[in-house]
Amino acid sequence: MEPISVFDIFKIGVGPSSSHTLGPWRAAQRFLEELAAKCPLESISRVQVDLYGSLALTGAGHGTDIAIVLGLSGQDPEFIPLDLVQHIPDAIRRDNILALSGRHHIPFSMDSDTDLVFHYAECLSGHANGMILSAWDQSAQLVHRATYYSIGGGFVLREGEEVGATDETVRLPYPIDTSAQLRSYCLGENSNIWEIVLANERKWRTGSAIRSGLLRIWEVMRDCVYKGCHTQGQLPGGLGVSRRAAGIRQTLLGPPTYSTPREFIQLLASRTFKFSQLLKLIGCFAMAVNEENAGFSRVVTAPTNGSAGVIPAVLFYYICLSEEKVSEDDIVKFLLTAGEIGSIFKKGSTISAAMGGCQAEIGVSSAMAAAALTECLGGTVGQALMAAEIAMEHHLGLTCDPVGGLVQVPCIERNSMGAIKAITAANIALESDPTKAKVPLDNVIKTMWETAQDMHSKYKETSQGGLAANIPIVVPEC
């Protein structure tokens, strides 16, 4: 299978969904590049976007339309100023003009059935998240048309590309497709998981670039937790969901005596909390991230946007609330281990809720966090893999049923549950003998994929089943 870097699993972007926002955004950018290679953008008179399957059914709630026009406008999700995330689409809606790559203006309506088309009853053959982008020149001749699939976690495939196709340009010293292979390498080299992963990462980047890149990932996670813990109000989208993380933080910590994320962490680390307070804080951290995610803020896929709160919450627990003295190097080790577990799940199953339900998002993120926390708390390789297995085992069959097609109910609370389960799984594994485990991690990954295939399509991010079908809420069109 294809080599997957930790930086493929952890991507900096904009909420609320990696498969419905980040993926389509990247697809639109790719379409622009392909189009520019064929002809001058100034020769283009019209662009059409067709969305299918889950992208159509929950695209409006997930911001797929916003992501597409931002990508076509030449904006990048990692670096776009957050005030432009809503400003640019609002201007396009008002003026019915799109600036291709930010410079060539063409007519474009986000609210018509001609330029941006939602095919609610159709699904493309390659994946539940399919889209077709087309462009015509001034003579009304079709210049370029391409089909893309957003396969989860911000990964995008063009029609004809194969999932798992090997990248011949990268030969890893420790190619890993399964947890059994990872375990074998660790035992053979007498190494921790993070050391094996680091050796592989050095085929893409220098050691210093890996360290600085992962610390930047952590800083975005940290800042997202901080912002979410100090922002009140109501989330967009029409459901009327109120932010709760800031209120929980206020109840537990009182008025802020700090002004930066670093000072916030220092305060948390200096305090002693009761068990009930610890649980509330962990849930608060996870919910803070996903409230930010629902508000189109900057988040890190971990491995998706919908599950972006689990790993930051567990990292906050490890850094601030455990008894460990944690350095920046420890944070890097945590993310290396977590990222590898995520890639194994992607190769052996899926990290797309549109393919596997929420077990593919919250379940995988919980497994990633459990393994990383276990290793960082001194657990063996066997115990770390056992923790990942325990975490996923208790997410098997979890459906994706977003109410109103928004990444809010039950998604925000689920991140809290995933974080708590990850910590619980780590604690169980640290007190267990992994040689006596009955279920290897690879078996639970296989089971997860079989469960995904058996799961009815209405439970796979369509808002046609589960809670979404039983909550009598009508979300007004944006």
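The values are calculated or read from the model by the stated rules, or taken from the named source; none is laboratory data. All values derive from a computational prediction rather than experimental measurement. Ideal geometry is used to build each Cβ from the backbone, glycine not excepted, and the neighbour counts take in all protein chains shown.
In the stretch 170-192, of all residues being among the small types (Gly, Ala, Ser) and over 19 Å from Val6 (Cα atoms), the one that is surrounded by the most Cβ atoms within 10 Å (Cβ to Cβ) corresponds to Ser184.
Going residue by residue through the stretch 387-395, is there one that turns out to be over 18 Å from Met455 (Cβ atoms) and assigned to a loop (DSSP other than H, G, I, E, B)? No, because not a single residue in the stretch 387-395 is over 18 Å from Met455 (Cβ atoms) and assigned to a loop (DSSP other than H, G, I, E, B). Taking Glu450, is it free of Cβ contacts under 8 Å to residues at least 24 places away in the same chain and either surrounded by fewer than 18 Cβ atoms within 10 Å (Cβ to Cβ) or in a helix (DSSP H, G or I) (or both)? Yes. When we screen Glu413, Glu328, Glu393, Glu375 for residues that are surrounded by 23 or more Cβ atoms within 10 Å (Cβ to Cβ), at pLDDT 95 or above and acidic (Asp, Glu), the only hit is Glu375. Tell me the residue from Ser184, Ser179 that is in contact (Cβ under 8 Å) with a residue 40 or more places away in the chain, hydroxyl-bearing (Ser, Thr, Tyr) and out of contact with any Lys or Arg (no Cβ under 9 Å at 6 or more places or on another chain), please. Going through Ser184, Ser179 in turn, the sole match is Ser179.
Being crowded, with 24+ Cβ neighbours inside 10 Å and either closer than 23 Å to Leu84 by Cβ or in the same structural domain as Trp218 (by TED's automatic domain parsing) (or both) is a property that Val6 lacks. Determine if the stretch 17-38 includes at least one residue that is crowded, with 18+ Cβ neighbours inside 10 Å and not in a helix (DSSP H, G or I). Among the residues of the stretch 17-38, at least one is crowded, with 18+ Cβ neighbours inside 10 Å and not in a helix (DSSP H, G or I), which makes the answer yes.
Just one residue in the set Ile210, Ile151 is buried (at least 19 other Cβ atoms within 10 Å of the Cβ), β-branched (Val, Ile, Thr) and modelled with pLDDT under 95; that residue is Ile151.
If the condition is being hydrophobic (A, V, I, L, M, F, W, C) and either over 15 Å from Met368 (Cα atoms) or surrounded by fewer than 16 Cβ atoms within 10 Å (Cβ to Cβ) (or both), then the stretch 429-447 contributes Leu430, Ala437, Val439. Number of residues in the stretch 117-156 that are among the hydroxyl-bearing types (Ser, Thr, Tyr) and part of a strand (DSSP E or B): the value is 5. The numbered conditions (1) part of a strand (DSSP E or B); (2) within 28 Å of the chain's Cα centre (by Cα) are all true for Arg171 except (1). Comparison of Ala313, Ala286 shows that the only residue that is of a type in the set (A, V, I, L, M, F, W, C), modelled with pLDDT of 95 or more and touching a Pro at 6+ places or on another chain (Cβ under 8 Å) is Ala286. In the stretch 309-363, of all residues being hydroxyl-bearing (Ser, Thr, Tyr) and free of Cβ contacts under 8 Å to residues at least 60 places away in the same chain, the one that is nearest to Trp449 (Cα to Cα) corresponds to Tyr318. Within the set Ala354, Ala288, Ala313, Ala308, the sole residue that is surrounded by 24 or more Cβ atoms within 10 Å (Cβ to Cβ), of a type in the set (Gly, Ala, Ser), touching a Phe, Trp or Tyr at 6+ places or on another chain (Cβ under 6 Å) and not assigned by TED's automatic domain parsing to the domain that holds Leu82 turns out to be Ala313.
Among the residues of the stretch 316-351, just one is among the small types (Gly, Ala, Ser), in contact with a Phe, Trp or Tyr (Cβ under 7 Å, 6 or more places away or on another chain) and closer than 18 Å to Ile423 by Cα, namely Gly339.
Only one entry in Phe118, Phe79 is in contact with a helix residue (DSSP H, G or I) (Cβ under 6 Å, 6 or more places away or on another chain) and either hydrophobic (A, V, I, L, M, F, W, C) or under 27 Å from Glu461 (Cα atoms) (or both), namely Phe118. All of Thr399, Thr447 fail the test of being of a type in the set (S, T, N, Q) and touching a Leu at 6+ places or on another chain (Cβ under 8 Å), apart from Thr447. Can you name every residue in the stretch 267-302 that is in a loop (DSSP other than H, G, I, E, B) and either touching a Leu at 6+ places or on another chain (Cβ under 8 Å) or more than 15 Å from Gly418 (Cβ to Cβ) (or both)? The answer is Arg271, Thr272, Phe273, Lys274, Gly295, Phe296, Ser297, Thr301. Comparison of Ala128, Ala209, Ala146 shows that the only residue that is small (Gly, Ala, Ser) and assigned by TED's automatic domain parsing to the domain that holds Leu336 is Ala209.
Cβ separations smaller than 9 Å between residues 6+ apart or across chains give the following pairs from the stretch 229-240 residues that are touching a residue at least 12 places away in the same chain (Cβ under 8 Å) and not assigned by TED's automatic domain parsing to the domain that holds His62 to residues that are surrounded by fewer than 15 Cβ atoms within 10 Å (Cβ to Cβ) and of a type in the set (Ser, Thr, Tyr): Gln232/Ser242; Leu235/Ser242. Screening the stretch 178-229 for helices (runs of 4 or more DSSP H) wholly inside it with 1 or more residues that are of a type outside the set (S, T, N, Q) and within 24 Å of Gly348 (Cα to Cα) returns the ranges 179-189, 193-201.
Is it the case that Val170 is aliphatic (A, V, I, L, M) and in contact with a helix residue (DSSP H, G or I) (Cβ under 8 Å, 6 or more places away or on another chain)? For Val170, the condition - aliphatic (A, V, I, L, M) and in contact with a helix residue (DSSP H, G or I) (Cβ under 8 Å, 6 or more places away or on another chain) - is not met.
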